[in-house]
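Data first, discussion second: the structure below is written as structure tokens.
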Amino acid sequence: MSIEQQPQDARPEKSKSTGFLSGVREFAIIVIAALVLSALVRALLVQAFYVPSESMEETLVPNDRIVASKITTHFGGISRGEVVVFRDPGDWLGAPEPGPTGVRGAIHNAMTFVGLLPSDSGGDLVKRAIGVAGDHVVCCDAQQRIVLNGVPLDENYIVAPTNQMLFDITVPAESIFVMGDNRGNSRDSRYHLEVNSGAVPVGNVVGRAFVVVWPLKRFTTLPIPEIFGNPALDKSSAAAAK
């Protein structure tokens, strides 16, 4: 009794088809896993942001892409002198401009969500933390310098304003007082003194901006200026709190 055999070329075709589908499945799994990992990194560790304005010149300029560390802020808190990204605490920005819509908007939002594009939602700001909870911040001394806990700050990183907005505040608990490095062109804590002394709640802080990653010619880290390491700032702050 003879057994009818399949044509010789049938098995290879099936094998090729199975191999192709298996390859597609493995590729899809890798892509999905990579996107999930990217989303987790964005949610828990770091996030990229787009700088839209001149308020932080010359430290940051329009179209810079920066990366903010969330984990540093979560575990280490916020230190004086850090450049921080924070959510609008209330009408600092006004109504955001509409972003892309339709399919393009959906793709843009998805890529931003997983971290493939920097956030440009229009609801985030980037400024420098000048004072933390309990700090006494005054503008200004005879040389037009910000005075922090009785110590004048020689801020060589700022674009000096042509005129100063005078204030004298103590930073409330769980808050930070922020200012832009381009002092004459930054709508920062100085313009919102009527609410929480102009300070931003710590809960609104997304993270510390620690590096400029794009454009490549502007790649640089964002360290804390040396003036904020002055031990007198902490001594004066402790004395004022007694």
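The values are calculated or read from the model by the stated rules, or taken from the named source; none is laboratory data. All values derive from a computational prediction rather than experimental measurement. In this analysis, Cβ positions are derived from the backbone assuming ideal geometry, glycine residues included, and neighbour counts consider all displayed protein chains.
Take Leu45 and tell me if it is touching a helix residue (DSSP H, G or I) at 6+ places or on another chain (Cβ under 6 Å) and at pLDDT 70 or above. So Leu45 passes the test.
Close contacts from segment 185-197, counting a first residue that is farther than 13 Å from Pro172 by Cα and a second that is assigned to a loop (DSSP other than H, G, I, E, B), with Cβ to Cβ under 7 Å and a gap of 6+ residues or different chains, come to Asn185/Glu54; Asn185/Ser55; Ser186/Ser55; Ser186/Gly180; Arg187/Trp92; Asp188/Gly180; Arg190/Met165; His192/Trp92. Among the residues of segment 148-184, just one is of a type in the set (D, E, K, R) and part of a strand (DSSP E or B), namely Asp168.
Considering every residue within segment 126-144, establish whether at least one is in contact with a helix residue (DSSP H, G or I) (Cβ under 7 Å, 6 or more places away or on another chain) and not in a loop (DSSP other than H, G, I, E, B). Reasoning before the result, please.
Taking segment 126-144 first, the residues in contact with a helix residue (DSSP H, G or I) (Cβ under 7 Å, 6 or more places away or on another chain) are 134-136.
If we keep only those that are not in a loop (DSSP other than H, G, I, E, B) too, we end up with 136.
Yes, segment 126-144 contains at least one residue that is in contact with a helix residue (DSSP H, G or I) (Cβ under 7 Å, 6 or more places away or on another chain) and not in a loop (DSSP other than H, G, I, E, B).
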